[in-house]
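Everything on this sheet refers to the single structure shown next.
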Amino acid sequence: MKISREVKTAVLVISGILLFIFLFNYLKGENILDSSRTYYALYDNVEGLAPSTPVTINGMNVGKVKSIAFNGDGSGKLLVTLLIDNDFQFSKNSKAQLYDLSLIGGRAVAIVPAYDNAEIAASGDYLEATVKTGLMGSVSQILTPLEKKIGLVMGEADSLLTNVNEILDIETKNNLREAIAELNATMKSFKGTSMSLNKLVGDNEESLTAAISNLETTTENFSKLSDSLANANLGQTIKGLQSTIENFDALMLSLNNGEGTIGKLLKDDSLYSNLDAASKELEELLRDIKLHPARYRRILSKKEIPYKPPTEEEQNN
């Protein structure tokens, strides 16, 4: 049977088209002759992820990212198609985790299997999309609040400098200059005083040495005196003094209680009253003797003188 030229041309054209389709899909990372499985994951942001990026399970390369496109529901989410060409089976509860490949950029997808004995994920299923925070993300999370704090500190520092500039007007600056100059002069004067003191100490070194020696001798003598006092029988002396003080306290207590002659003199008011009355009577007697000595001649004379009543003039006096 002879095949016509047209049939040969059609077969050649169809073969070329099939070869082109195969090569095109192969270059995109999809082998149409391979029994690969396809899974999907929805992400809010896939910056750094590109098609043909490796898909791993526990660090092993098991597939590639087939395509990245908007989900088409107006949510802005990105649909990532994962092409798995490995026979490893995992649960439909497994997660498709987006992670950083390196510090300089680039991302990949890792399938985190869930060993929960759930239903095996089938081709066309959607996996839960998660994002693993990388080093730069962690640093960014740390630096973001720190940046706000630094901004606040800088603002406060700026306000502080503004207030300082307002306080440090021309007059204040001049006063500060004068104060610094006076402080400098004081330090120079102190330096001169220190030098003079050093010179004075140097000139009187022998006298100071002698004074220190005398002080040491005095200290030794005082130490010996202290030893002598410590060795003296001070206990017996203190006991005697304590006994004397106790006796004196007993005497004072007795006087306060009106005991004894002195105590009665101090406490008995009647004795004082009697002495006061006797003193007054004695004073009247002396006054009467001085004014009327004739009344007492008979008593004072050695001879017996008959009593004569006083005259009316004497009585009036």
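The values are calculated or read from the model by the stated rules, or taken from the named source; none is laboratory data. Keep in mind that this is a model prediction, so the values were computed, not measured. Glycine gets a Cβ as well: all are built from the backbone with ideal geometry, and neighbour counts include every protein chain shown.
Filtered by the rule that a residue be at pLDDT 90 or above, more than 23 Å from Thr133 (Cβ to Cβ) and part of a loop (DSSP other than H, G, I, E, B), segment 33-52 gives a lone residue, Pro51. Residue count for segment 46-67 satisfying the condition of being surrounded by 14 or more Cβ atoms within 10 Å (Cβ to Cβ) and among the charged types (D, E, K, R): 2. Contact map, segment 107-126: first residue outside the structural domain of Ala50 (by TED's automatic domain parsing) and within 16 Å of Val80 (Cα to Cα), second residue surrounded by 11 or more Cβ atoms within 10 Å (Cβ to Cβ) and modelled with pLDDT under 90, Cβ cut-off under 7 Å, separation 6 or more or different chains; the map is empty. Among the residues of this structure, Ser67 counts as one that is without any contact (Cβ under 8 Å) to a residue 60 or more places away in the chain and either part of a strand (DSSP E or B) or among the hydrophobic types (A, V, I, L, M, F, W, C) (or both).
Are any residues in segment 68-82 at pLDDT below 90 and surrounded by 10 or more Cβ atoms within 10 Å (Cβ to Cβ), and if so, which ones? Once the filter is applied, which keeps residues that are at pLDDT below 90 and surrounded by 10 or more Cβ atoms within 10 Å (Cβ to Cβ), segment 68-82 yields Asn71, Ser75. Residues that are among the polar types (S, T, N, Q) and either outside the structural domain of Ala122 (by TED's automatic domain parsing) or farther than 18 Å from Asp125 by Cβ (or both) within segment 58-106 comprise Asn58, Asn61, Ser75, Ser102, listed in sequence order. The residues of segment 91-120 that are small (Gly, Ala, Ser) and either in a strand (DSSP E or B) or farther than 16 Å from Val55 by Cβ (or both), listed by number, are Ser91, Ala96, Ser102, Gly105, Ala108, Ala110, Ala114, Ala118. In segment 2-17, the residues that are surrounded by 10 or more Cβ atoms within 10 Å (Cβ to Cβ) form Cβ pairs under 9 Å with partners that are at pLDDT below 85 and assigned to a loop (DSSP other than H, G, I, E, B), at six or more places apart or across chains, as follows: Val11/Ile3.
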